[in-house]
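Heads up: the structure comes next, in structure tokens.
Derivation of every value follows stated rules applied to the coordinates shown; laboratory data play no part. Here the structure is a predicted model, which means the values were calculated and not measured. Every residue, glycine among them, receives a Cβ derived from its backbone with ideal geometry; neighbour counts consider all protein chains shown.
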Amino acid sequence: MIRNKSMRRASLVSAIVATGAMVLSTLPAQAATPGVTATEIKLGISSPLTGSAGLSYGKVPGAMKAYFNYINANGGVYGRKITLISRDDKYLPTAAATQTTNLILKDNVFALVGALGTATHSKAYKAAALAKNNVPDLFINTGFSGFTDQTKYPTTFMVLPTYAMEAKVIAKAIKDNFAGQASFLIAQDDEFGTDGVAGFKTAGHTFTLAPILYPQGSMTSARAEAALTGLSAVPGKPVVVLFGTTDVTATILKAAEKLALTTKFTWYAGSVGADANTLLALGVKPTTVNGVISASFMPDAKDLTDPYVKQFADINTKYNKGITFDNYVLAAMNSAMLTVQALRAAGKDLTRAGIMSAIEAKGSTFASAGLVPLGYSATSRIGYNGYWVSQLNEKGEGKPYGGKLVIYTTDSGAGAVEVSTFVRPTMPKNGIPTNS
Amino acid sequence: MLKGTQSKKRLVLFIAFGWALLILSNQVGDLKLYQGSFVATYALAITSIILLTGYSGQLSLGHSALMAVGAYAGALSIFNAGLNPIVSLIIAVLAAGTFGLILGVIAARLSGPYLAGTTLALAVSLPTLANQFSILGAEEGIVFDVGPAPARFGEDFSQYKWFFWISSLAALIMVWFIANLLSSRYGRTFKALRDNSIAAELSGINVGRVKVMAFALSSGVAGLSGALLVMLISGVSPSAFPLSLSFALLTGAVVTGLYNLKGVILGGLVLVAIPEIADSLVSRIGGSEGFTTTLPGFLVSALLILAVVFTPNGPGHLIKRKHHKQKVL
Amino acid sequence: MTQFITAVLTSLSSGAIYALMSIALVLVWRSTRVINFAQAGQAVLTTYIGYDLVQKTGSYWIALAGAVISGAIIGAVIDRFFMRPIFKRVKTGPIVMIAPVVATLGLLGIIQGLIGFKWGLTSQSIEAPVSTDGFKVMGTVIAFSRFNLLVLVFVSFAMLLLTLLFQRTNIGLALRASAYSPEIARLSGIKVDTVRTLGWAIAGASGGLAGMLYIPGYFLYPNAMDLLLVFGFVAAVIGGLESLFGAVAGAMILGFSINFATTYISGKLFFPTAFIVLVLVLLVKPAGLFGSKKSRGA
């Protein structure tokens, strides 16, 4: 009896071991790296698709998918197709935390791209244990300088210049062009605003009055009218800097129209709130938009003479049907192109650690539509580190201020704002990267 | 005598359920554990709504604000005062409860839509207050870090399992406490108040005081759920407690029965599961961008309406009514 | 001084806007004892219909008429096929108060979803029918335009017309009776259900008016009137929920308080002011400024 039992047990055990070995040997070789198989790379994005933030940023995932589909139709990355899984977080931290966790645990993505928002992403980063799982957090859609802190966010790579950088460039432009005039700042009372306020301070720029800060959602036409009435008493032609979202810029400009104050001020709209087409769509008069100064780090989406813009616009027509090509779509496709180059640079044996060191080593040489340099290095997670000053016109285009394109680079700290001689890399043929 | 066996039964039930959860937590993966933590947290929040509205008859649209009070209190006590996480949870309950006490004094004089309006205004204004005081961290908020699991559980002990244990335990203890309270004399007092405040007054109940108590208790429970919620998202910020959260909780409470606690877990499940189901449904159907992004919200609302139309008193009542109908015939 | 004048004028305009919504909410309350959170959604929906009409016909006034009429129809449909089944099933307990609230919240979500399906998520604008430039008074441009004046006129007109309807007509009496005491009204021969549908239709029409008067000064997107819903509701409660005059008064008080507080004290008081004013009013008068204890019912 005992002998039979132990024999039975032995045969059972060996059967299990044999099956196990068979199963293990048929697993794909990349089983160790989540989200990567011989034929597919899975990427994830958590961003607002609905709600008021969805108005501006809802187009981002679709635009990135369009570019990835274009690449997939042209061989993918070393034969692997890129799949982007998009989840709506409605700009809420609780939703961002759960959706990002879903992307990691449920969808098993290889890396995150384009995560959006400061309050949302800072919570999501920790909640989804991105640091612990070493999940690459690539090209995030926010300019909050806190994300460059590698002790807090070891796997994060920014792409947008920080709000502090923008403030410093604006401060220089005001000093260079409007030195004798008073200046005022109207900013959203959150990370845009406070990062920007800090940037102006670092640049040594003092506004004539303390910045007018408004909680998100509270800049009504009444409030705008009250603020402008107060400022209208200031002599000369003051500079008014608007650091908020496009709907707020529109509200303030429309209030200026009502009070016949459009020419009383020189308007400076921060890049987040200066999409000219949106301003026009929201009812701001073309004559008002004409002359508004802003800053950008990309070419204007309407400038089809730019090879990158033309290429992305073509991809948009073919792969993103029904969506109008604008600056948001341009920026999203640009990030997608950077992502593809990062995937290529990481090599055929794609790992999470591998892609991050690839960006550190080669990221600053990636081709992109950006007119300012990329700052990736072994010690820096900063993406674009500068701006060029633009001026909007009635047609919704942004052209270089003063007629000549001048590129400024700086940092988020006390470094000076310098003129850069950066020439961006030539676009790879047909917009399909071939780097390694 | 009856009360004695009932409360003993309840204690045994809760302990048994707790053990079941413990065993279950070792079987399931991280994702389910994370989702389970949210279920526990929302179930707790729904309990606070049932206590206030189902039992004492006061409608509040501002529970997101009460959760925020507890959350900030808890976060501050860990981050600024460096206190133990368990202590911070207790502080969350006390802070929110005290706030609710004050609020309750105001609310006791109000009824129906007046109370609803007041709590609504509270829900939209309280979160923005965080922007006023830099100690509250403004938009980036304050980190809420309960720390890793104790070393004796081993290095591989998942952070999500730790969250699950903490949130389930806290929820179990609090719900058990409230359940006991509601089946005691206090519970009957609440119910009397809800059903007919004039008659309650006549039978010697100090209506004002009871209302305030109910508010304070409900707020304390909400405060705990708020602290647990920010534990799960690793930090508190004003945008974590939007008005839509208040509405979602009310939805959960109505869908699973406003009048007793039996459905709270189901309510929590609904709040977690429905968006998930909607998301996976959408990814399977596909469609235009406009369609796929609005469909989940649409489905959640549709479910809510169906629930209200077909089971306004909760599924339990539906069954009871059927029996009643048959009896009458 | 200009700051003060601007504050007064913009408060008048804000107050008028809040009044648009608070009137609609009070209408539904007075005729059906329900707080209709879907009002924001209905008003946005009718405004989108108005937007389509503006695109097709180029005329704001046709669009306005279209919005008001479609508002009435949508309101009636919602009551007949949605609220009525709910009322049939829910008769007693605090659920009577809550079920409609929750149901209308669900309805709000559905309407916003439908808008998203049909019109997409990008924002649009509707041009105002009259000038939005400020009037010129003694050389300076003030913060009050023809369009602001138009809104004020419409609000006052709506308030008077609807008050007359409620106080002086048989229909108005039937509306009030059905809301206050449905059983007794039924016994006196009033078709309570039909009357209630009429109440929702009137409220829907007024919501349609509200949207078309609000959106030209703002932008059109599915959540465009969410904020207005909150402030409209607070204004209605301040005013007492019982009279349309109270609704307008409450709206004006709210508008003035918020504008003056944000102009003279701090911009950060935008939301907290609403809460503070509401609590102050309710502490002194728990039924709102013009509400009375006996009509509080339920």
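Less than 5 angstrom separates the built amide H of A:S420 from those of A:I407, A:Y408, A:T409, all sequence-distant by 5 or more or on a different chain. Only beta bridges with both residues in the protein assembly as shown are counted; by DSSP, about 45 percent of them are antiparallel. Every helix of 4 or more DSSP H residues in the protein assembly as shown counts as -39500 (n - 2.57), and over all residues that averages to -19000 deg cm²/dmol at 222 nm. Residues whose amide H lies under 5 Å from that of A:A111, counting only those 5 or more places away or on a different chain, are A:G44; hydrogens are built 1.01 Å from N in the peptide plane. Would you mind checking the tilt of helix A:2-26 against the longest principal axis of the Cα atoms of chain A, expressed as 0 to 90 degrees and rounded to 10? In chain A, helix A:2-26 runs at an angle near 40 degrees to the longest axis. Exposed loop sites here mean trypsin sites (Lys or Arg not before Pro) with a DSSP loop assignment and at most 14 other beta-carbon atoms within 10 Å; chain A contains its longest site-free run at A:153-320. Positive end of the dipole of chain B (Cβ unit charges, origin at the Cα centre): among B:A65, B:I198, B:F38, the Cα lying farthest that way belongs to B:I198. Restricting attention to the range B:2-249, lysine pairs at least eight places apart or on different chains and with alpha-carbon atoms under 26 angstrom apart total 6. Taken over the range C:78-208, the percentage of Cα pairs per 10 Å bin, counting from 0 up to the bin with the maximum distance, is 10, 26, 27, 22, 12, 3, 0.
What pairs in A:K152/A:K348; A:K123/B:K262; A:K310/C:K118; A:K321/A:K404; A:K254/C:K56 have C-alpha atoms more than 27 Å from each other?
Beyond 27 Å: A:K152/A:K348; A:K123/B:K262; A:K310/C:K118; A:K321/A:K404.
Take every Cα-Cα pair in the range B:1-110 and report what % of them are more than 23 Å apart.
50 percent
Axis of helix A:246-258 versus longest Cα principal axis of chain A: the two differ by about 10°, to the nearest ten degrees. Report note on the peptides B:161-168, B:64-71, B:176-183: ranked by the mean count of other C-beta atoms within 10 Å, highest first, their order is B:64-71, B:161-168, B:176-183. Within chain A, DSSP assigns beta bridges of which about 35% are antiparallel (rounded to the nearest 5).
By its C-alpha gyration tensor, with a ≥ b ≥ c as the square roots of the eigenvalues, how is the range A:190-326 shaped: rounded for a/c under 1.5, else prolate for a/b larger than b/c, else oblate? Please report the intermediate quantities before stating the final value.
Numbers: a/c = 2.08, a/b = 1.69, b/c = 1.23.
Verdict is prolate for the range A:190-326.
All other residues whose Cβ lies under 10 angstrom from that of B:I233 are scored, Lys and Arg at +1 and Asp and Glu at -1, for a net of +2.
The Stokes-Einstein estimate for chain A, based on a Kirkwood radius over Cα pairs and taken at 4 °C with 1.567 mPa s viscosity, is a diffusion coefficient of 56 µm²/s. The mean number of Cβ atoms from other chains found within 10 Å of a Cβ in peptide C:144-156 is 1, as a whole number. Between A:Q391 and A:S294, A:K399, A:Y401, the built amide H atoms are under 5 Å apart, and every one of these is 5 or more places off in sequence or on another chain.
Dipole magnitude for the range A:31-143: about 60 debye, using +1 per Lys or Arg Cβ and -1 per Asp or Glu Cβ, origin at the Cα centre. Peptide A:231-239 shows a mean partner chain C-beta count of 1 within 10 Å per residue C-beta. Per q in 0.14 1/Å, what log10 I(q)/I(0) does a Debye calculation on the alpha-carbon atoms of chain C return? At q = 0.14 Å⁻¹ the computed log10 ratios are -1.05. Annotation for the range A:282-303 versus the range C:133-195: alpha-carbon center distance of 43 Å. About its Cα centre, the dipole of the range C:2-296 is roughly 960 debye, where the only charges are +1 on Lys and Arg Cβ and -1 on Asp and Glu Cβ.
If a/c stays under 1.5 just call it rounded; otherwise compare a/b with b/c (prolate if a/b is bigger, oblate if not). Do that for the protein assembly as shown, with a ≥ b ≥ c from the square roots of the Cα gyration tensor eigenvalues. Here the protein assembly as shown falls in the oblate category.
How many partner chain Cβ atoms sit within 10 Å of a residue's Cβ in peptide B:69-82, on average, as a whole number?
0
Comparing A:I85, A:V309, A:L116 along the charge dipole axis of chain A, the residue lying farthest to the positive side is A:I85, per the Cβ-charge model. Across the range C:2-296, C-alpha contacts under 8 Å between residues 6 or more apart give a mean separation that, scaled by the residue count, equals a relative contact order of 35 percent. Oblate is the label for the range B:2-249, because a/c, from the alpha-carbon gyration tensor with a ≥ b ≥ c as root eigenvalues, is 1.5 or above and a/b does not exceed b/c. When every alpha-carbon pair in the range A:278-413 is counted, what percent end up more than 24 Å apart? Tail of the P(r) past 24 Å holds 41 percent of the pairs. Using only side-chain charges placed at the Cβ, +1 for Lys and Arg and -1 for Asp and Glu, the dipole size of the range B:2-249 relative to its Cα centre rounds to 1160 debye.
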